Each structure stands twice: as C-alpha cells, then as structure tokens.
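Data block below; observations after.
The values are calculated or read from the model by the stated rules, or taken from the named source; none is laboratory data. No experiment lies behind these values; they were computed from the predicted model shown. Here the Cβ positions follow ideal geometry from the backbone for every residue, glycine too, while neighbour counts run over all protein chains shown.
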Amino acid sequence: MPYVLVDKPRPHVCLITLNRPERMNAMAFDVMIPLRETIERVSLDNDTRVVVLTGAGDGFCSGADLEDPGTLPNVDGLTLTSIARRALEVLDDVVLALRKMHQPVVAAVNGPAIGGGFCLSLAADVRLASERALFRAAGINNGLTASELGISYLLPRAIGSSRAFDIMLTGRDVDAHEAERIGLVSSVVPGDALLDACYGVAERIIGYSRVGIEVTKRMLWASLDASSLTAHMDHEGIGQLYVRLTTENFEEAVRARKEKRAPVYED
C-alpha cells in the first residue's frame, strides 16, 4: 500500500492523503520523499486547480517517526554530520514544495498535527480542522528546540508573536477551538464533514480565474518576506497590472454581472 494517495474527488480538486495511519502518518523518509514528489507532480497537473492535503485515519501527521525513520537515499560515504543535513533538507523541501505549488493548498487537519506535522499544516495556504484536531510544537517536549521546518517563521506570522512564543515555549496542546479563535485555522467542523467543507472552499476558489488565484497566492506569500510596505505595494501593483492588461477577465466579470450569470474566465 503506498504511503501517499492521490485522488480526484471533485472536478479540478486533487486530494493528497498521507497514508500511514498505524503510525499516525509520521514523517518517515519513506513517506516524505513520495509526498514531495507527489506535490511537485500535482503542481504541474493543469487540470488541478486546488489541492486538499490530509492524513488517513485519526491523525493529520504526528511528526518525526521515532521508531522507524525509513530510508534516506544517496548517503553512502557520508558522515553523520552530512547525513543529518541531507535529512533536514528532505523535510524542508516538502514544506517549500507546498508553498511553491501553483495551486492553493487546503489542509484538512483531521486529527493531531504534532511537531513536523504542525509545520506541514502551516505550509498550506488555508487550514480547516475537525473537532478532533490539535496542534503541538513537540520538539520542546522532547528536550530539543521547537523550531523546525520553518515553524518559527510561519507561526508568528499566522497568529502573532506572543501566541507563537507561548505555544512553542510551553509545548502545550492547542485544540481545534482555540486554533479557530486565534486564527490558526479558518474554521472547525465535525470530522465527517471536514473533507466536504474543504471541497466547498475549493469549489469557490475554482470559480475565479486561474491566473488571478495563482498571483494572489504568490502575493500573499511574498508579503511575509517583504522588506517594507512600499516594496510590497509595488510588487502587488505589478501583479494586478499583469492580470488586468494581459487578460479580459475584468471585462468578462463586468459582462457577467450585467447579464446576471457566473463569469467564465478564459485568462
């Protein structure tokens, strides 16, 4: 049974499922390498407009697999120091690949998102949670640093620095309802309704133009790296002009509104 499943549950929606439920979808290399390859492949699938990422069974992703980390390829002849760096790069590349996807990524957090699994959820563009979801920056609980896979960059930007410091320094659990209250997830829904809720978000996104959505995703992520408001406004303006002047999407939106129909964007 493959550790990463890919389905097309709705038109233009791709569902990627971590499929190692007996290990709570832990981040063994045998899971993460196929996940990265799947993300890169789906990003190039032009029929896919939105990606939903979830975990099989009762958990989203429990972080590092402490019992069976799997096989790290291409390390023959390397010392432990170099192997450790290569291992981190494999996991970092999964987070970066999600961020770089052409399509928006909706995380369906169906259960615990622990350690690296917490980081994985933060790499998605939108997060919805079931009532069973919880989040924990677990490195601190294991005598390590809670900072891994970009979480100390992403979490403060998602929920603010004070809350991020609290969560990462105490190693406490954040349940689904707190996660919704502090803006870590967009909404909390019953577990059996989670995927349908994610597909609803996806269908709304699909109704807009492909290029408009892709540029908006890039602008939102770019804002996290912006050196100043002025620099980012210039970046945004170029993106807006690019879509406005190279497509007829705006004219189609006006026509559709007048004709009381849904617009058909051809970009």
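Considering each of A146, A133, A137 in turn, give the residue that is modelled with pLDDT of 95 or more and of a type in the set (A, V, I, L, M, F, W, C). I'd like the intermediate steps shown before the answer.
Details: A146 fails: modelled with pLDDT of 95 or more; A137 fails: modelled with pLDDT of 95 or more.
None of the others qualify; the one that does is A133.
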Is at least one residue of segment 77-96 farther than 17 Å from V109 by Cα, among the acidic types (D, E) and within 15 Å of the chain's Cα centre (by Cα)?
-> yes
Hydrophobic (A, V, I, L, M, F, W, C) and in a loop (DSSP other than H, G, I, E, B), is that true of L66?
-> yes
Collect the residues in segment 118-140 that are closer than 15 Å to A176 by Cα and either of a type in the set (D, E, K, R) or not in a strand (DSSP E or B) (or both), keeping them in residue-number order.
-> F118, S121, L122, R127, E131, R132, A133, R136, A137
Among the numbered criteria (1) touching a residue at least 24 places away in the same chain (Cβ under 8 Å); (2) surrounded by fewer than 12 Cβ atoms within 10 Å (Cβ to Cβ); (3) in a helix (DSSP H, G or I), which single criterion is violated by A262?
-> (3)
Say we look at segment 148-164 and pick out the residues that are among the aliphatic types (A, V, I, L, M) and closer than 15 Å to E178 by Cα; which of these is surrounded by the most Cβ atoms within 10 Å (Cβ to Cβ)?
-> L155
Unmet criterion (only one of (1) part of a helix (DSSP H, G or I); (2) without any contact (Cβ under 8 Å) to a residue 24 or more places away in the chain; (3) among the acidic types (D, E)) for E40 | (2)
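Do we have M219 as surrounded by 14 or more Cβ atoms within 10 Å (Cβ to Cβ) and either farther than 30 Å from G150 by Cα or not assigned by TED's automatic domain parsing to the domain that holds S161 (or both) here? Step through it out loud before you land on a result.
On the way: surrounded by 14 or more Cβ atoms within 10 Å (Cβ to Cβ): yes; either farther than 30 Å from G150 by Cα or not assigned by TED's automatic domain parsing to the domain that holds S161 (or both): yes.
Taking the combined requirement at face value, the residue satisfies it.
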Per the list (1) exposed (fewer than 13 other Cβ atoms within 10 Å of the Cβ); (2) at pLDDT 90 or above, residue check on L66 breaks on (2)
Please state which one of L184, L169, L194 is part of a loop (DSSP other than H, G, I, E, B), of a type in the set (A, V, I, L, M, F, W, C) and in the same structural domain as F118 (by TED's automatic domain parsing).
-> L184
